[in-house]
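Notes to accompany the following structure.
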Amino acid sequence: MTERPTRILIQGGRIIDPAHGKDALGDLLIEDGIIREIMPPDEKEGSAVSEASNGETHHINARGMVVVPGLIDLHTHMREPGFEYKETVATATASAAAGGFTTVCCMPNTNPVNDNQSVTELILEKAKTQGIVHVLPIGAITKGSRGEELAEMGELVSAGCVAVSDDGLPVMNSEVMRRAMEYAKIFDIPVIDHCEDLNLTADGVIFEGAVSTSLGLKGIPAASETVMVARDIALAELTGGRVHLAHISTAGSVRLIREAKRRGLPITAETCPHYLVLTDERVMGFDANAKMKPPLATSQDLEEVRTGLTDGTLDAIATDHAPHASEEKNRAIDHAPFGIIGLETALSLSMSLVDGGFLTLSELIGKMTEQPARILGKKIGRLGIGDIADVTIIDPNVEWQVSESDIKSKSKNSPFLGWNMKGRARTVIVAGKVIENKWGES
Amino acid sequence: MEIVILNKIEISRALTRIAHEIIERNKGAGQVGLVGIRTGGVYLAGRLAKKISDIEGDSPPVGALDITLYRDDLATKKEYPALKKTEIPFDMSDLKLVLVDDVLFTGRTIRAAMDSLIDLGRPREIQLAVLIDRGHRELPIRADYVGKNLPTSIEEKVVVLLTENGEEDRVVLRRGPGNGDQG
Amino acid sequence: MGLKRKDILTIAEMEKEEIDLILQTAESFKEVSQRDIKKVPTLRGKTVVNLFFEPSTRTRTSFELAGKRLSADVVNISASSSSTVKGETLLDTARNIEAMQSDIMIVRHASSGVPALLARHLKSSVINAGDGLHEHPSQALLDLFTIKEKKGTVEGLKVVIVGDILHSRVAHSDIRGLLKLGAEVQLVGPPPMIPKGIEEWGVSVRYRMEEAIKGADVIILLRLQLERQGCGYFPTLREYAHLYGLNRSRLSLAEKGVLILHPGPINRGVEVTSDVADGLSSMILEQVTNGVAVRMALLFLLAGGKND
C-alpha cells in the first residue's frame, strides 16, 4: 500500500481539524506530501482538481468517513532496542498505523535506556528504515533512569528527543526532579512524569481496595499516584518548568490538577482509554492482561477521570502502549509485568465516550491531535494549508471485534480481546504516503 | 405401568419366614448380627431383628452399611446418592452376619457390601437375605434367604416401598424405559 | 448430588449448598478415619498429584492421607518456588504432570491466583491448597466442620478472628465460609493488618481486643508470622502480645463454652498465653483429624462428580 502519487484527493468526508476549529464536509487535496487545499465538497466528483492536474491523482472516496489530522500518541513503549521479543519499531509503527496514529512518542525505558544521543539516533534510524509512521523519541530525565544524575538533555534534544521522562522508573528524589524541571526550561521541552511513589506501591500488584482484598493481591493505594501529582505540582510552581503528567488514573489526581490549572501553573496531563472504560473489577479472575501501572481503579475514579477529560483538566488521551510477551503475562499475576497494548484500540474506546455524551467527536480528536502537539510544542496534528500531510480517515460506524489474529502489535496483551468495538481508522496518510488498513476477512 | 408384586401382608409373611430360616440355619440367633444395606436394607434388617426377637426373646444387633465408597461405577455415573454413614455399633468378629437388602439384581451391590464388611472386621460368616431376587446376575452371588423370586425382564424396574419411607408397604414392578439402579 | 464444578479454588465462589454437602460428606469420612482399616477403594485408579510450590508438611500430608485412604495413587511434587519464581515454567510444569494422566491436582503457591491460572489451562480438577494471600478453602472447610461439630450449627454464632487478617489466606476463606453459613463475623487486629475494603464482605472491624471478644462464641486466632515484626505492621512482638494476645482475663469476656481455633502451630506468649494455649492444643489436634476427613470429602466429590 505504498504507492506515492504526487496528488491525493480525499473526497466527501467530514473534515475535523480541532486546531482550526473546523468541522465540515469537504475535499482535501494533498500534493507532494503537503496539504495543499481544503475545499467544500464538489458535486461533480473530483473535477475541482482534475483541471489543474497534469500528474496522477489518487482519489479516496471518504463519504460517510471522518477525515482528521493523523493521531499522535504521547506515550508508546516501542521496546526497541533491547526488548525486540515484545515489540520492534516495525511492529509498533504498524500497530500505530492500524490504530490511526501517524506519530508516536516512544518512552526511553529501553535497553540501553535512551539517555544519550546514540540510542536516540539508533531509534530514529530504525524509524526511518523500518517504521511506517513518524517516531518522536523521548529521552531519559536521569542517566540510566536511575533517578540520580541528570542525563545530557541538550544532546538528547539536538539528536531529536521531544521531551524527557523516566517513565516506569519515576524520579523519587524531589531535589533531582526539581533540577530536571529547571534545566528543561533551556530547551522548552516538557518533563513527563509517571506519578508513582514507589515506597507506597512497594510490591503492590493491583489497585488497593475491595478487589485486591478479594483476590489476595497486594494493593497499590490511590495515594501512590496522588502524592506524586501533588509533589510535581508543587515543583512546577517552584520552578516554572513545563510538567506533563502521564496516564492519570485517580479522582484525587484529577482534582489536584484541576486546581493547579486554575492557578495557571504550567501543568498538562493525559489519561489513557483504559482508565476511561475499565475499573479494577476487570482483574477478577486474575487476568494479567488487566494488570498495569497505574492500576485500574474504582468506578468513582473512572467517573472523575471522565469529568476531567470533559472539563479540560486532562488535555490529552495517550495509549501507554506497553507490549509484553504472552509467556510473561501467563505467569502468576504478581510476577507478570505491568502494562497493556493500546495503539489499536485507543481510538474506538475513546469514541465510545462520544457516544456516551462526554465530549464531542471534535473535542475527542483534539485530545489525540491538537493537544498532544501543543504539549510537545510541535506544529503537527493539524490540517493547515502547507502542513505536512498526516491524515487519518476514520470509518465512525464500522463494527468490529478485537481479536488476537488482527492485532498488528507483536504482543497481544490486551484486556479488550473479544470486545465489540465501533469506529476504526480505515486509512492513514503519513507525510503523503497512503496506508490502507486491512484486517483478516474471516 | 405398575403391578403390585407383594402387598403389606405378603411382605410381613416373607420376612417372618426369613426370620425363622435365619434362626433355624444358625441354631438360634445368639451369634447372628444383621447388617442392612442403605437405604431399604436397613429398614428390612430392623424389621427382621424385631421378628427374631419376637420368636427368640433376644434381638440380634443391627448395623447399617453405606456402600457408596465401594461402588465400581462411581467414575461413570453422573449422579450418585449422597454419602451416608456406615454404623455398625457392635463387634462383628466371630458373628455370623446376615447382609440384608431389598432387591438382588446384578450382584454388584452385594459384592461392594462384602468388600466393605471385610474391611470393617472379620465376621465368621456372611449370609445374604433379600426381599426380592429379580435375576440378571452379573457376578457369582446367590442369596441364602429370599422373600420372593421374581423373574423380570431387564427393562423392568422393581421398587420396594416401605412405611419407613412414608409409603404404604408394597413391592411393585414398573415397566418402561430405564431400569432401576438396584444391584 | 455431586459438586457442580471442576475445581475448588475459593470459598468465595461456593454456594452455601455446596459447603453443606461437603461438610455432610466429611462426616461420613470421619467415620472411615476411625476404622481399623482406614481405607476404602473409592478412588482406585485415580491419580492425585500434590503440586506444592511452597513448603508445607501439614496440608500436604493431610491431602496425601486423604487420597491414600480413598485408594488413589498420590504423587507429591515439591517444585521449588525459586525455580519458578518468574513463573515461566509454571504452566509447562503443570502440563507435564497432567500428561501423566493426573485426575486431581492439589496446588499450593506463594502467588495468589496460580491455582486459578492452572485450572484455566488444565483438564484435571484443581484444588487450591493455599495461594498467596488469597484463599485456603480446605482449611476453612475444616474450621467450619469443627465449629459445626462442637456447636451444632454455625448460623447465628458470633465468631471473632484475631490478628493478621491481611496476610492470612485462612482468614479470607474462613470469613467467606462463616458468612455464607450465617455467622456474625468480627475482625480484630492492628489496623495495618486489616485489608482495605474488607467491610464490604459483611464483617465488622475492631481494633481493640476487649471490645471484639465480648460475647464471642468462637475465637479464631491467626498465627502471627514473626518476620512481620518491624515491617511497619506492628512495632514489636511484645506490644502485639500486649494488645492482641489472648489471656485468661480477656477470655472471660467471651461467651461461656467459647470455642478457640488456631491453625497451628502456636506462638506461645504471642497469640495466646501459655495457660490458654494448653487448653487449645487438643482442639488443634482435633482440627488436624477433621482436616483429613474434609479433604477426603473434597477428593471424593470432585472425582465422583465428573461426567465424561
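Numbers at a glance
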item: Filtered residues of the stretch B:117-132 (kept if within 14 Å of another protein chain (Cβ to nearest Cβ) and either of a type in the set (Val, Ile, Thr) or open to solvent by 10 Å² or more (accessible area, probe 1.4 Å) (or both)); result: B:Ile118, B:Asp119, B:Leu120, B:Gly121, B:Arg122, B:Pro123
item: Selection within the stretch A:17-32 - modelled with pLDDT under 95 and open to solvent by less than 10 Å² (accessible area, probe 1.4 Å); result: none
item: Subset of the stretch A:146-177 [open to solvent by 10 Å² or more (accessible area, probe 1.4 Å) and not in a loop (DSSP other than H, G, I, E, B)]; result: A:Leu150, A:Gly154, A:Glu155, A:Val157, A:Ser158, A:Ala159, A:Ser174, A:Glu175, A:Val176
item: Selection within the stretch C:1-25 - facing chain B (nearest Cβ under 9 Å) and under 22 Å from the mean Cα position of the chain (by Cα); result: C:Gly2, C:Leu21, C:Gln24, C:Thr25
item: Evaluation of A:Arg231 against (1) of a type in the set (D, E, K, R); (2) assigned to a helix (DSSP H, G or I); (3) under 23 Å from the mean Cα position of the chain (by Cα) (one fails), failing number; result: (3)
item: Which numbered condition A:Ile393 misses (of (1) modelled with pLDDT under 95; (2) in the same structural domain as A:Gly432 (by TED's automatic domain parsing)); result: (1)
item: Flag if B:Ile141 is touching a residue at least 24 places away in the same chain (Cβ under 8 Å) and closer than 15 Å to B:Arg38 by Cα; result: no
item: Helices (runs of 4 or more DSSP H) lying entirely in the stretch A:315-421 (those with 1 or more residues that are open to solvent by 40 Å² or more (accessible area, probe 1.4 Å) and within 14 Å of chain C (Cβ to nearest Cβ)); result: A:326-329
item: Odd one out for C:Glu184, checked against (1) acidic (Asp, Glu); (2) open to solvent by less than 10 Å² (accessible area, probe 1.4 Å); (3) free of Cβ contacts under 8 Å to residues at least 40 places away in the same chain; result: (2)
item: The stretch C:250-277 residues that are among the charged types (D, E, K, R), paired with ones that are open to solvent by 20 Å² or more (accessible area, probe 1.4 Å) and in a helix (DSSP H, G or I) (beta carbon under 9 Å, 6 or more apart); result: C:Arg250/C:Glu210; C:Arg268/C:Ser274; C:Glu271/C:Ala241; C:Asp275/C:Arg248
item: Residues that are among the small types (Gly, Ala, Ser) and buried (at least 20 other Cβ atoms within 10 Å of the Cβ), drawn from the stretch A:231-249; result: A:Ala236, A:Gly241, A:Ala246, A:Ser249
item: Failed item in (1) more than 12 Å from the chain's Cα centre (by Cα); (2) within 14 Å of chain A (Cβ to nearest Cβ); (3) crowded, with 24+ Cβ neighbours inside 10 Å, with C:Ile106 passing the rest; result: (2)
item: Per-region count, the stretch B:92-116, residues within 11 Å of another protein chain (Cβ to nearest Cβ) and in a loop (DSSP other than H, G, I, E, B); result: 1
item: Lone qualifier among C:Ile266, C:Ile260 - being out of contact with any Gly (no Cβ under 9 Å at 6 or more places or on another chain), of a type in the set (A, V, I, L, M, F, W, C) and away from every other protein chain (no Cβ under 14 Å); result: C:Ile266
item: Enumerated strands (runs of 3 or more DSSP E) restricted to the stretch C:195-308, each holding at least 3 residues that are surrounded by fewer than 18 Cβ atoms within 10 Å (Cβ to Cβ); result: C:204-206
item: Total residues in the stretch A:178-214, condition touching a residue at least 60 places away in the same chain (Cβ under 8 Å) and either open to solvent by 30 Å² or more (accessible area, probe 1.4 Å) or in contact with a His (Cβ under 6 Å, 6 or more places away or on another chain) (or both); result: 5
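Conditions tested, residue by residue: (1) facing chain A (nearest Cβ under 10 Å); (2) of a type in the set (Val, Ile, Thr); (3) open to solvent by 30 Å² or more (accessible area, probe 1.4 Å).
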| site | (1), (2), (3) |
| --- | --- |
| C:Val32 | no, yes, no |
| C:Ile37 | no, yes, yes |
| C:Val40 | no, yes, no |
| C:Phe63 | no, no, no |
| C:Met100 | no, no, yes |
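The values are calculated or read from the model by the stated rules, or taken from the named source; none is laboratory data. Please read these numbers as outputs of a predicted model, since none were measured by experiment. No Cβ is skipped: glycine too gets one built from the backbone with ideal geometry, and neighbour counts run over all protein chains shown. The protein model used for the area step is the full one, side chains on, heavy atoms only, and it has no ligands, DNA or RNA in it. Shrake-Rupley method; radii C 1.70, N 1.55, O 1.52, S 1.80 Å.
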